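Below is one structure, written out as structure tokens, with a few remarks after it.
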Amino acid sequence: MDLKSGYPFWAVRNGLMQAFPHLERDLQCEVLVIGGGITGALIADQLCRAGHDVALLEQRDIGWGSTAASTALLQYEIDTPMVALARRYGLEQALLAYRACADAIEALGELAKPLREVDFQHARSLYYASRTRDLRELIDEYELRQQHGFAVHWLDAAGLQAQYGFSASGAILSELAASVDPYRLTYRLLERLRGDGCQVYDRTRLTRLQPTEHHVVAHCENGASVRCNQVVMAAGYANQGWIDQRVARNRSSYAFVTDPLHPDELGALQETLLWETARPYLYLRSTADDRLLVGGDDDAVDLPARRDARVDGKARKLAAKVGKLFPHLQPVMPAFAWAGTFAETEDGLPFFGPHPQWGPRIHFAMAYGGNGITYSMTGAGIVQAAIEKRRHPLAALYGFARLG
């Protein structure tokens, strides 16, 4: 599956950090994780630290799928506002989802501390009204979050102009957010796991799963097989191909990064993630070396050749939006531009757990939407609980049963 176009910044910056071996012989383990992106790495790490015997297979080089194209904004704010999520599933469930994302940011920060050069940085998140007609709903969202203990502040038009230097009718400023280099985080986690005895293989393609009552046999393209008790399918957007039921729709998102800017030019953007109420939304963050990373202008294109052809034009369009918002940054010049496939669920929530099509020994990890990394951190706990036959408070909300 062709997941990206152009020159993703993390791949350009880091290159191929290290080659892992490919699987050449039959293998046995307790849990087999399929997928060597950030989702697979986080789940494998959680299971290994919990004492499970884990092996991981990746069909490409490690981190070379959608992880390399991620813009890695870490937010507890879900693409579906809390107000809308509460209307759909009830306030208790909406709060559970938002608080889980908040906890995931803190957990990711702790996970990153002993790892080298993964550029985890705490930040704030500014969610602004793109249009005046969005203001009432944004105020309702702010009031609900504040009422339930989230660290948020309201900025009116004057406050926005004073603190951030652009014009909008209002915004929610959240104290909790972060950013990271997702490519390096994936590599560092899997390097550590391999050092601790977890088996990690790349360039090994899964072709068939054979579940039985007592175990699963995973067959690979080169003839090798893995016999295990449980399988976790963390293969990103390729997971959809293993389920007959359509659970999400693929889209394309576009991004670019500038050359390093002077800190005075970035100003408050050095420590603030920025996004808007419009859909699709513009979003911005800085990098550890003071570049501005800009993304958005998503579309329904799911054909690699068409996506490839749109990268440069989309980058120019995004740069024009940033220049209009922050005139002092003009001209905004993309240094590297890219696009990536992402999947969008109807309610903005992910899917973690077994699917009826495959039975209880095969777990799917589908961290779809704009919160992929925080969802994956939460999902690691959901998968671990399922494997250990424990209840998890989010298993139902993030499970396939909600589809009806």
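The values are calculated or read from the model by the stated rules, or taken from the named source; none is laboratory data. It should be emphasised that the depicted structure is a prediction, and the values quoted were computed from it without experimental measurement. Cβ coordinates were reconstructed from backbone atoms using ideal geometry, including for glycine residues, and neighbour counts include every protein chain displayed. When the accessible area is computed, the model is the full protein with side chains, heavy atoms only, and any ligands, DNA or RNA have been set aside. Shrake-Rupley method; radii C 1.70, N 1.55, O 1.52, S 1.80 Å.
Observations, loosely collected:
- Scope segment 290-309; condition open to solvent by 20 Å² or more (accessible area, probe 1.4 Å) and assigned to a loop (DSSP other than H, G, I, E, B); matching residues: Asp290, Arg291, Ala300, Asp302, Leu303
- Evaluation of Tyr128 against (1) over 14 Å from Ile172 (Cα atoms); (2) open to solvent by less than 40 Å² (accessible area, probe 1.4 Å); (3) in contact with a Gly (Cβ under 8 Å, 6 or more places away or on another chain); (4) not hydrophobic (A, V, I, L, M, F, W, C) (one fails), failing number: (1)
- Only one of the listed residues (Ile139, Ile172) is over 16 Å from the mean Cα position of the chain (by Cα) and closer than 18 Å to Tyr283 by Cβ. That residue is Ile172.
- Each residue in segment 186-237 was checked for being over 14 Å from Asp53 (Cα atoms) and over 25 Å from the mean Cα position of the chain (by Cα), and 19 pass.
- Of all the criteria given as (1) free of Cβ contacts under 8 Å to residues at least 12 places away in the same chain; (2) closer than 19 Å to Ala380 by Cβ; (3) among the hydroxyl-bearing types (Ser, Thr, Tyr), the one not satisfied by Tyr187 is (1).
- Those strands (runs of 3 or more DSSP E) lying entirely in segment 18-94 with at least 1 residues open to solvent by 20 Å² or more (accessible area, probe 1.4 Å): 27-34, 73-75
- Qualifying position, being surrounded by 18 or more Cβ atoms within 10 Å (Cβ to Cβ) and closer than 30 Å to Ile387 by Cβ, among Ala339, Ala319, Ala343, Ala315: Ala343
- Candidates are the residues of segment 362-389 that are under 15 Å from His52 (Cα atoms) and not in a helix (DSSP H, G or I); the one that is most open to solvent (accessible area, probe 1.4 Å) is Lys389.
- On inspection, Pro280 qualifies as farther than 17 Å from Ala123 by Cα and of a type outside the set (Ser, Thr, Tyr).
- Residue within segment 107-119 that is in a strand (DSSP E or B) and either in contact (Cβ under 8 Å) with a residue 40 or more places away in the chain or open to solvent by less than 50 Å² (accessible area, probe 1.4 Å) (or both) present: no
- Scanning segment 325-361 for residues that are among the hydroxyl-bearing types (Ser, Thr, Tyr) and assigned to a loop (DSSP other than H, G, I, E, B) yields a single hit, Thr345.
- Count of residues meeting criterion [open to solvent by 20 Å² or more (accessible area, probe 1.4 Å), in a loop (DSSP other than H, G, I, E, B) and either acidic (Asp, Glu) or touching a residue at least 60 places away in the same chain (Cβ under 8 Å) (or both)] in segment 1-17: 4
- Residue in segment 271-289 that is farthest from the chain's Cα centre (by Cα), counting only those that are closer than 19 Å to Tyr7 by Cβ and open to solvent by 40 Å² or more (accessible area, probe 1.4 Å): Asp289
- Selected residue (only one of Asp297, Asp308 is modelled with pLDDT under 95, under 22 Å from Ala343 (Cβ atoms) and in contact with a helix residue (DSSP H, G or I) (Cβ under 8 Å, 6 or more places away or on another chain)): Asp297
- Selection count, segment 322-336, where residues are within 24 Å of the chain's Cα centre (by Cα) and open to solvent by 30 Å² or more (accessible area, probe 1.4 Å): 3
- Check on Arg133, without any contact (Cβ under 8 Å) to a residue 24 or more places away in the chain, outside any strand (DSSP E or B), exposed (fewer than 15 other Cβ atoms within 10 Å of the Cβ) and at negative phi: yes
- Residue within segment 249-269 that is at pLDDT 95 or above and over 23 Å from Pro331 (Cβ atoms) present: no
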